[in-house]
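*Asks:* Structure provided below as structure tokens; questions to follow.
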Protein chains: 2
Amino acid sequence: MSSTERRQQIVSRAAGLFDKTGYSSTTMDDIAKEVGVAKPTLYHYFPSKDDILHAIHEEFIDLLIDRHEARSETGLRAEQLLLEVMADILELMETHRGHVRVFFEHHRELPAEARGPIKAKRDRYERIVEDLIAAGVESGVFRQADPHLAALATFGMCNWAYQWYRPGGALRSRELAYQFWNYLVYGLGTDQLTPATARAVPPA
Amino acid sequence: MSSTERRQQIVSRAAGLFDKTGYSSTTMDDIAKEVGVAKPTLYHYFPSKDDILHAIHEEFIDLLIDRHEARSETGLRAEQLLLEVMADILELMETHRGHVRVFFEHHRELPAEARGPIKAKRDRYERIVEDLIAAGVESGVFRQADPHLAALATFGMCNWAYQWYRPGGALRSRELAYQFWNYLVYGLGTDQLTPATARAVPPA
DNA sequence: GAAAACCGACCCACTGGTCGGGAAATTCCT
DNA sequence: AGGAATTTCCCGACCAGTGGGTCGGTTTTC
């Protein structure tokens with residue numbers, strides 16, 4: 001096993017344990033055992049536990065950004081791109097469960113120096129989705145809505161799934177993305193609800 | 001200060017710290033200091049740190065359930081009840097930030113005996129929302145949709161807000177609930193999207 | 001005067017990280 | 001090619017700080 005392979009292995013096994021047990025409840029010995037190696041060996045690949053956490057964060061957000069960018073030249077319309085983004089996120093819950101939970105729950109545990117760069121990438125990705133929604137509004141496929149808020153709603157639907165989604169279940173991640181996209185784009189309501197009034201002001 | 005008041009105070013201060021620093025990174029000394037008391041005194045009110053965690057969980061889910069039940073006799077229609085549920089959740093992010101984060105992120109840290117009862121209540125609340133959506137489908141205000149999935153989408157939008165919502169911000173929780181409810185019920189799409197085809201099958 | 005509330009000092013298991021050295025693979029030299 | 005030199009990879013044993021929890025006792029309240 002090459003050096004980079006082992007490094008990779010440590011990251012993904014650690015992510016799995018953090019997912020199962022949480023970051024602080026997982027010890028370096030746990031990780032070492034899971035990898036099949038003694039604790040000091042871990043320190044040959046990572047200077048500290050926090051650096052493993054950092055590697056997980058970086059790997060995850062890079063995956064998301066890369067997937068989107070690989071698609072950005074295809075000329076898909078805004079609503080289609082939105083579906084693909086949702087599918088990206090949900091797919092990573094199949095393939096990178098540990099990364100997802102760590103990325104969402106353990107960013108506060110990141111060492112101070114690492115937080116900045118990660119947050120920058122996170123913001124960049126949020127910005128991508130906002131811009132995408134804004135483009136949809138511009139082109140007329142989405143109604144007038146605050147892109148920031150709509151992006152947060154989208155992320156909410158998808159990101160929250162890490163709390164309940166289990167890979168082996170009945171629903172493949174892509175189908176799930178499609179259902180959620182459907183709720184978001186077409187809404188749950190029928191014609192029996194009167195859009196004009198309902199969209200105005202919240203009832204007290 | 002009465003005994004129950006102090007108990008209450010410990011719970012809410014602890015929740016605040018857990019929110020800020022995370023459960024395992026917060027020490028009993030931290031909590032004691034925050035409450036203005038010495039560590040052993042905490043053990044006069046709670047047998048262990050885990051029991052504080054448990055108290056937070058219970059308080060939170062009870063709040064949600066109670067609020068819904070207080071409303072269940074009012075004869076509101078399904079879509080209105082759904083809005084109220086969303087508003088409940090988001091309001092607790094203003095008034096009980098710590099509880100929210102703890103409830104969502106630290107259920108795995110609960111001692112084994114406590115997990116069961118809490119999960120039962122959690123399931124009960126999820127069931128309430130599912131039934132509410134099912135009733136809306138039944139009465140024709142919501143289109144044919146899987147109530148379970150639609151509930152998960154709803155929870156996603158609202159629950160995820162604990163990650164970014166800050167009480168002092170521009171948006172009051174009720175307005176936010178209304179915006180999200182609007183997205184969910186009416187959708188983001190305009191007439192330029194063709195509902196019939198789009199709702200069918202996910203594109204490969 | 002007894003029960004409830006409170007605390008300083010202590011204990012000890014646990015865990016992130018280190019140390020010094022041993023095996024295994026690579027490179028270098030002749 | 002073959003053996004020495006060096007780097008890479010690996011580990012058993014240890015260290016020191018931390019933090020949940022306890023003990024024995026004092027103060028406050030009723």
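*Asks:* Name, by its number, the condition in (1) more than 12 Å from every other protein chain (Cβ to nearest Cβ); (2) crowded, with 20+ Cβ neighbours inside 10 Å that does not hold for A:Ala177.
*Replies:* Here A:Ala177 meets the rest and fails (1).
*Asks:* Restricting the first residue to region B:92-119 and requiring it to be modelled with pLDDT of 95 or more and open to solvent by less than 10 Å² (accessible area, probe 1.4 Å), which pairs with a second residue that is among the β-branched types (Val, Ile, Thr) and in a loop (DSSP other than H, G, I, E, B) meet a Cβ separation below 9 Å and a spacing of at least six or different chains?
*Replies:* none
*Asks:* Being surrounded by 17 or more Cβ atoms within 10 Å (Cβ to Cβ) and away from DNA strand C (no atom under 11 Å from the Cβ) is true for just one of A:Ile65, A:Ile89. Which residue is that?
*Replies:* A:Ile89
Residue by residue, here is whether (1) under 17 Å from the mean Cα position of the chain (by Cα); (2) open to solvent by 10 Å² or more (accessible area, probe 1.4 Å); (3) closer than 30 Å to A:Glu109 by Cβ; (4) more than 10 Å from DNA strand D (Cβ to nearest atom) holds:
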residue	(1), (2), (3), (4)
B:Arg13	no, yes, yes, yes
B:Gly16	yes, yes, yes, yes
B:Ala32	no, no, yes, no
B:Gly75	no, yes, no, yes
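*Asks:* Check B:Glu69, B:Glu79 and return the single one that is more than 25 Å from B:Trp164 (Cα to Cα), acidic (Asp, Glu) and in contact (Cβ under 8 Å) with a residue 60 or more places away in the chain.
*Replies:* Going through B:Glu69, B:Glu79 in turn, just one is more than 25 Å from B:Trp164 (Cα to Cα), acidic (Asp, Glu) and in contact (Cβ under 8 Å) with a residue 60 or more places away in the chain: B:Glu79.
*Asks:* Taking only region B:33-68 into account, find how many residues are part of a helix (DSSP H, G or I) and on the phi > 0 side of the Ramachandran plot.
*Replies:* Number of matching residues: 0.
*Asks:* While we're on this one: Check off (1) modelled with pLDDT of 95 or more; (2) more than 16 Å from DNA strand C (Cβ to nearest atom) for A:Thr74 and give me the number that stays unchecked.
*Replies:* Result: A:Thr74 fails condition (1) only.
*Asks:* How do the pairs read when you match residues in region A:19-32 that are at positive phi with residues anywhere that are within 10 Å of DNA strand C (Cβ to nearest atom) and outside any helix (DSSP H, G or I), using Cβ under 9 Å and keeping only pairs 6 or more apart or on different chains?
*Replies:* Close Cβ pairs satisfying both conditions: A:Gly22/B:Ser24.
*Asks:* Are any residues in region B:126-166 open to solvent by 30 Å² or more (accessible area, probe 1.4 Å), under 23 Å from B:Glu91 (Cβ atoms), outside any helix (DSSP H, G or I) and at the interface with chain A (Cβ under 10 Å from one of its Cβ atoms), and if so, which ones?
*Replies:* The answer is B:Trp164, and nothing else.
*Asks:* Let me ask something else. Determine whether A:Ile52 is within 16 Å of DNA strand D (Cβ to nearest atom), within 26 Å of B:Arg101 (Cα to Cα), touching a residue at least 40 places away in the same chain (Cβ under 8 Å) and surrounded by 17 or more Cβ atoms within 10 Å (Cβ to Cβ).
*Replies:* yes
The values are calculated or read from the model by the stated rules, or taken from the named source; none is laboratory data. Keep in mind the model is a prediction, meaning the values are calculated, not measured. Note that each Cβ is placed from the backbone with ideal geometry, even for glycine, and that neighbours are counted across all protein chains shown. These area figures cover heavy atoms from the full protein model, side chains too; ligands, DNA and RNA do not enter into them. Shrake-Rupley method; radii C 1.70, N 1.55, O 1.52, S 1.80 Å.
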